[in-house]
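So the structure is just underneath, and the comments pick up after that.
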């Protein structure tokens, strides 16, 4: 399926590994020029090499104030024009229970996941609206819909992102810009392995009886950035093999 986005320019935050890298790869495969960012220069270089032509890497730590906007500005310069697609993404905060996670840990999670999303979106949305086309997509978590007690800071920050993107969608939809979130469950990534969520018991709890493939997630994310998805705005799409149980 041709997604109709060949030649577009995209930024994928935290795109040097995991679901961010998978999303960047899916966009590159569709002919999109992509800029990714990451904190580790070696891993960033390896990701750019894997993505091949049409990709550039920018070293950036999204937890630092103003860095997300600076990433967008440098990407625009290096890709040679207005950013058409922005994928907000960031690493997950450390685990912790709601009652014991410190206020400072919550603040750090909000800076990393929520504030960086706001900064990135605000940096790119003006030119998108002016040209009458744009896609903003935030990678969050099913924790934003179905809280995960041991990931209290993460689920709180992801919920804030979901609210921001929903509000943004209502503001920009009439200008040809869509804003959505995509909520992954358990996928085969380093983050899932580090948290110990790849155990046999965790897999058994997923109705699909397997963990997700990052490439499949990337394909779904790329679709939400496509021309065909022009009427999908303000949505939060679950990609979790049926793991979340709620109706909403």
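Can you tell me which residues in region 1-28 are closer than 18 Å to residue 187 by Cβ and surrounded by fewer than 22 Cβ atoms within 10 Å (Cβ to Cβ)?
If the condition is that a residue be closer than 18 Å to residue 187 by Cβ and surrounded by fewer than 22 Cβ atoms within 10 Å (Cβ to Cβ), then 17 is the only one that fits.
Picking from 121, 45, which residue would you name as being part of a helix (DSSP H, G or I) and either in contact with a helix residue (DSSP H, G or I) (Cβ under 8 Å, 6 or more places away or on another chain) or at pLDDT below 95 (or both)? Steps first, answer last, please.
Working: 45 fails: either in contact with a helix residue (DSSP H, G or I) (Cβ under 8 Å, 6 or more places away or on another chain) or at pLDDT below 95 (or both).
Exactly one of 121, 45 is part of a helix (DSSP H, G or I) and either in contact with a helix residue (DSSP H, G or I) (Cβ under 8 Å, 6 or more places away or on another chain) or at pLDDT below 95 (or both), namely 121.
Hey, any hits in region 74-90 for a residue that's out of contact with any strand residue (DSSP E or B) (no Cβ under 8 Å at 6 or more places or on another chain), surrounded by 18 or more Cβ atoms within 10 Å (Cβ to Cβ) and in contact (Cβ under 8 Å) with a residue 60 or more places away in the chain?
Yes, region 74-90 contains a residue that is out of contact with any strand residue (DSSP E or B) (no Cβ under 8 Å at 6 or more places or on another chain), surrounded by 18 or more Cβ atoms within 10 Å (Cβ to Cβ) and in contact (Cβ under 8 Å) with a residue 60 or more places away in the chain.
Can you tell me which residue in region 2-22 is nearest to the chain's Cα centre (by Cα), limited to those that are at positive phi and assigned to a loop (DSSP other than H, G, I, E, B)?
Ranking the candidates gives 14 first.
The values are calculated or read from the model by the stated rules, or taken from the named source; none is laboratory data. These numbers were taken from a predicted model, which means no experiment stands behind them. With ideal geometry, Cβ positions are generated from the backbone for all residues, glycine too; neighbour counts draw on all protein chains shown.
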